[in-house]
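What follows is a set of notes on a single structure, which appears directly below.
Where a number appears in this text, it was derived from the coordinates with a stated rule and is not lab data. Everything quoted here is computed from the prediction, not taken from an experiment. Positions of Cβ are backbone-derived with ideal geometry, glycine not excepted, and every protein chain shown enters the neighbour counts.
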C-alpha cells in the first residue's frame, strides 16, 4: 500500500472505542509518515442516535441553556477546527485524553477550555466560537449524512471513498509493533472485500453457565449475561444505537 488511504471516521468523545481507535491511528500515522492515512473525523452524536422515540428536538437544536455533553463537546471540536486541521487534531486528542484517561466531564466548559489550552489554541477565538451556534449545523450535517447515506449506527465507523464502511471496536489499541499491519489488514478487509459482511467474537459468560440457556422473547438466540437485548430500548451513553457498549472486540460492515 503506497498511496495514503483516505477515510472518514465518525466519532463521539463519549465512546472508549473512539479513544482506542484514535490512539491506534495516531501510532499508524507516526510510523507511516508521508504515507499516513488521510483521516477526516466526522460528528456522530450518540445522544441523538440513542434519543427516546418521543424526542421532538434534535440535539443540535436544543436551547443553549439545556446542557448536553455530546452537543457541547462536538461544538467545541467544530470551534477548534476553525483554527485549522492541525489545531483540530490536537484538540481532538487532548479532549479524548481528558475524558478517558483523567475521567473528566468532557461536556463541561472548564474541560473544553483545558483541552484547548493543552492543544495550543487561540483561547479568545476558541471561546468566541463556542458561542457561535451556527457551528451546530456541522453536527447536524454529519449526522444526517451518516444515517442517511452510510447507515451508521455507532462509533467509530470508518467510511472509505468507495462507500464501503465498518463499525470497529478495538480495546485496547493494537500494540505499536502490530499497528500498521493491522491497519493494512483492516483497510483491505473493509474497503477491498465487499463480500465480507460481519466478524464478531462470541461473548464468553463471566457467570456460572446455565443449561439450557435462557432465550429472549420472540427469539431463538440465547440471552447475554446482561439480559435480553432484543427489543430493549435504546440506551444513552453507549457506542452504538440500541445496544450498550461492551469490551468485546468486533467489527461489522454497514
**Message:** Ranking request for peptides 5-12, 127-134: highest mean number of other beta-carbon atoms within 10 Å first, then the rest in descending order.
**Reply:** 5-12, 127-134
**Ranked packing of 26-34, 68-76, most packed first, by mean Cβ within 10 Å** = 68-76, 26-34
**Whether the range 6-191 is rounded, prolate or oblate, judged on the alpha carbon gyration tensor where a/c under 1.5 counts as rounded** = oblate
**Asked** Once you put a point 7 Å from the Cα of residue 102 and another 7 Å from the Cα of residue 36, both along the Cβ direction, what distance in nm separates them?
**Response** 2.3
**Item:** Percent RCO, i.e. relative contact order, over the range 6-191, from Cα pairs under 8 Å lying at least 6 residues apart
**Value:** 33
